Amino acid sequence: MTTFYSHSTKDKNGKRFGTKHLQNHTKGVKDKAIQSFHAQGEYLNFSIGAEKLKHYIEETCRFHDLGKYTEFFQQYLLGDEEAAKELGTLKNHAHIGAFALLNYLQQHSASKSAFLAFYAVLRHHGNLENFNELHIHTQMKEDNFIAEFNKKQCKSLLLSASQITDEISFAEISTLLFLPQSKPFRLQAKDFSVKCPSIEHYFLLNYLFSLLIESDKLDASDTKQYELRELPEKVVDRLLEEREKAAPPTPDNPQNDLRTSLRKGVIERLRKLSDDDLRTQRLYTLTAPTGIGKTLTALDFALQLRERLFALEGRHSQIIYALPFINIIEQGLNEYQQALGDDVRVLAHYQYADIFSVPINNVQNASDEQHYNRQAMTLDTWQADVVITSFVQLLETLIGWRNKILKKFHHLAGSIIILDEVQALRGEYYPLVGAALYYCAEFLNARILLMTATKPLVFTLAEQHIVHKDTTSRLTSCSALELAGTEQEVESLFQQFERTCIIPILESPLETSSDFTTLFREKWSSDISCLIVCNTV
């Protein structure tokens, strides 16, 4: 019996040797993907249903490295670089596994979603691309896969058919090694991209793709998959009590009472939501003045919402807190770490995040390179209870196509996502971002909280420009619950809080520095102070 490997490395003499058996890797990828799926519960809202989705996840993982059973991939994996160059495309493995998976699923199911599982395997070592480009994969002189395309690859697989059957439970592999006819295949791809584009298909594809590539990379690097744990509910109360003892508030400062009142009001509105309301109400806003403690209020809300969802759905939600700027990301991280303490795994994932500060538990007997790779993988795949990140990381994951970014897409499923200072987004992005968050909440069962002092019309514009025009979706409304109360209550809150009044004075844009100095001299007098803020962006 041949020993097939999925991965290899070099010894000190530069010779390659196998490091992981292909059978074990395939099982490891499937187990990790299913563990993530179960952690996100059966409350994802895809039309194919939870059981079929689980089946697709299992089969996607089972077929994804089928092509590694060829002698050509094994030569590439274990041989020298010169031999690998001579193999050319014969060493590629994703293509043959993808079409075998498509044939298998279509033999057992008529669902269009089988095409998405095929595509996830086809692209699992690259980025997602336009469906219109898929026709190149079936442009052969003949349609018979074994007779024309990769005849050598298929022959190699068939020589090991009985071992493949034993190792990864294939039935009759010879019945799966063929390409579909070119024209029907092109029409099928066209359905997804031109004739019947569906936002649901986007979320389903990215979910399948993310589960596969994250599990693949975690298993390949032997990075431990983190299991979300129970978090303490009352940490914000304890933190504020400790701060009050250390620095008692002055009795003549009404802002302290306003902060307490806001937080209690938010938690009370959460408490009053019935279980049925909590299942369907997935969009929230918190509109309150700057300096009133929205950061800790939102954390308190997220922790208590997390407990309610655990009681309803039997799963722990990951908390994802996104901010627009690095300085306030670091401030938010400091607040969260003080509140949650050392027993909760909190990751900061942004441009200048420190990889070596990532807490991981599986570094025993690892080389420096292995240790670094596992640290980086833990960070890139959000292996934590709480993630603090940037708008760029979050939104490029939510609206993305790159392999590196999409590893963590499935972490959005069942999560509690907080976007702070959401007014920092450019106005022209509001409809797109609002619609993407809305569909994330509906299809992936996420809860979204937008926090701001100005309440830009993110969800309102999303509904006007995108959601109500989506004739393919059964979802129709972007209604968000305002946690600060009614419009009158929100207005009253702002009136009680000391605010800076911004008065626009420009009638036309300033074109030159001379225009600015002229305007300044007109408006300024020597008996008042003036602050000039310049933004070079």
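The values are calculated or read from the model by the stated rules, or taken from the named source; none is laboratory data. All figures in this text were calculated on a predicted structure; none of them were measured in a lab. Glycine also receives a Cβ, built like all others from the backbone with ideal geometry; neighbour counts cover every protein chain displayed. Just so you know, the surface numbers come from the protein's heavy atoms only, side chains and all, with ligands and any DNA or RNA stripped out. Shrake-Rupley method; radii C 1.70, N 1.55, O 1.52, S 1.80 Å.
Each principal axis of the Cα cloud of the stretch 366-461 was evaluated for its coordinate range; sorted largest first, these ranges are 52, 26, 24 Å.
Relative to the globular-protein estimate of 2.2 N^0.38 Å, the Cα radius of gyration of the stretch 78-132 stands at 1.43. Each listed q (0.18, 0.19, 0.25, 0.33 Å⁻¹) maps to a log10 I(q)/I(0) for the stretch 196-237 from the Debye sum over equal C-alpha point scatterers, namely -0.71, -0.73, -0.84, -1.06. Distance from the alpha carbon centroid of the stretch 22-39 to that of the stretch 76-118 works out to 19 angstrom. When Rg and the Kirkwood radius Rh are both evaluated on Cα atoms of the stretch 426-477, their ratio Rg/Rh stands at 0.96. Across the accessible surface of the stretch 443-537, with the other protein chains kept in place and a 1.4 Å probe, carbon and sulfur atoms take up 55 percent. Length gained on full extension, residue 492 to residue 528: 9.9 nm, using 0.36 nm per residue less the C-alpha separation. Measure off, as a whole percent, the carbon and sulfur share of the 1.4 Å-probe accessible area of the stretch 56-141, all protein chains present. Result for the stretch 56-141: 48 percent of the exposed heavy-atom area is carbon or sulfur. How much net charge surrounds residue 220 when only other residues with a Cβ under 15 Å from its Cβ are counted (Lys, Arg +1; Asp, Glu -1)? Neighbourhood net charge equals +2.
Counting only Cα atoms, the stretch 150-189 measures 36, 21, 12 Å along its principal axes, largest extent leading.
For the stretch 304-331 and the stretch 193-248, what is the centre-to-centre distance using only Cα atoms, to the nearest Å? First find each Cα centre; the distance between them is then 8 Å.
Per-atom-type breakdown for the stretch 147-220 gives carbon and sulfur 56% of the accessible area (1.4 Å probe, protein chains only). Computed on protein heavy atoms with a 1.4 Å probe, the accessible areas place 382, 524, 401 in the order 401, 524, 382, largest first. Between residue 519 and residue 502, the modelled label-to-label distance comes to 1.4 nm, taking each label 7 Å out from Cα in the direction of the beta carbon.
Length gained on full extension, residue 330 to residue 261, computed as 0.36 nm times the residue gap minus the Cα-Cα distance: 22.2 nm. Treating r as the C-beta distance of residue 423 and residue 269 and R0 as 25 Å, the FRET efficiency rounds to 0.65. Using the Cβ-Cβ distance between residue 13 and residue 89 with R0 = 35 Å, the FRET efficiency computed as 1/(1 + (r/R0)^6) comes to roughly 0.75. Rolling a 1.4 Å probe over the protein chains gives residue 54 an accessible area of about 60 Å². What you get for the chain, charging only the Cβ of Lys and Arg (+1) and of Asp and Glu (-1), is a dipole of about 1420 debye around the Cα centre.
Find which of 201, 256, 274 sits farthest along the positive direction of the dipole of the stretch 184-287, computed with +1 on the beta-carbon of Lys and Arg, -1 on that of Asp and Glu, about the Cα centre. Highest projection toward the positive end goes to 201. Restriction of the chymotrypsin sites (Phe, Trp or Tyr not before Pro) in the stretch 256-327 to DSSP coil positions whose beta-carbon has at most 10 other beta-carbons within 10 angstrom yields no sites. Axis of helix 368-380 versus longest Cα principal axis of the chain: the two differ by about 60°, to the nearest ten degrees. With kT/(6 pi eta Rh) evaluated at 10 °C and eta = 1.306 mPa s, and Rh the Kirkwood radius from Cα pairs, the stretch 1-148 diffuses with a coefficient of 93 µm²/s according to Stokes-Einstein.
In this rough spin-label picture, where each label sits 7 Å from Cα along the Cβ direction, the residue 47-residue 175 distance is 2.9 nm. P(r) for the stretch 406-537, from all Cα pairs and a bin width of 5 Å, is 2, 7, 13, 15, 14, 12, 11, 9, 8, 5, 3, 1, 0 %, short bins first. Calculate I(q)/I(0) for the stretch 154-240 by the Debye formula, one identical point scatterer on each C-alpha and no solvent, and give its log10 at q = 0.13, 0.19 Å⁻¹ to two decimals. Log-scaled intensity ratios, in q order: -0.86, -1.11. Could you give the longest part of the chain that holds none of the GluC sites (Glu not before Pro) found in DSSP loops with at most 16 neighbouring Cβ atoms within 10 Å? My reading of the result: 234-497 is the longest stretch. Between the helical axis of 513-523 and the longest alpha-carbon principal axis of the chain there is an angle of about 30 degrees. Rolling a 1.4 Å probe over the protein heavy atoms gives the chain an accessible area of 50 Å² per residue. Principal-axis analysis of the Cα atoms of the chain puts helix 326-340 at an angle of about 90° to the longest axis.
Pair-distance distribution P(r) for the stretch 1-55, from all Cα-Cα distances in 10 Å bins starting at 0: 20, 31, 22, 17, 9, 1 percent. Placing a pseudo-label 7 Å from each Cα along the Cα-to-Cβ vector at residue 129 and residue 482 gives an inter-label distance of 4.9 nm. Note on the chain: antiparallel DSSP beta bridges, both residues inside, total approximately 15 percent of the bridges counted.
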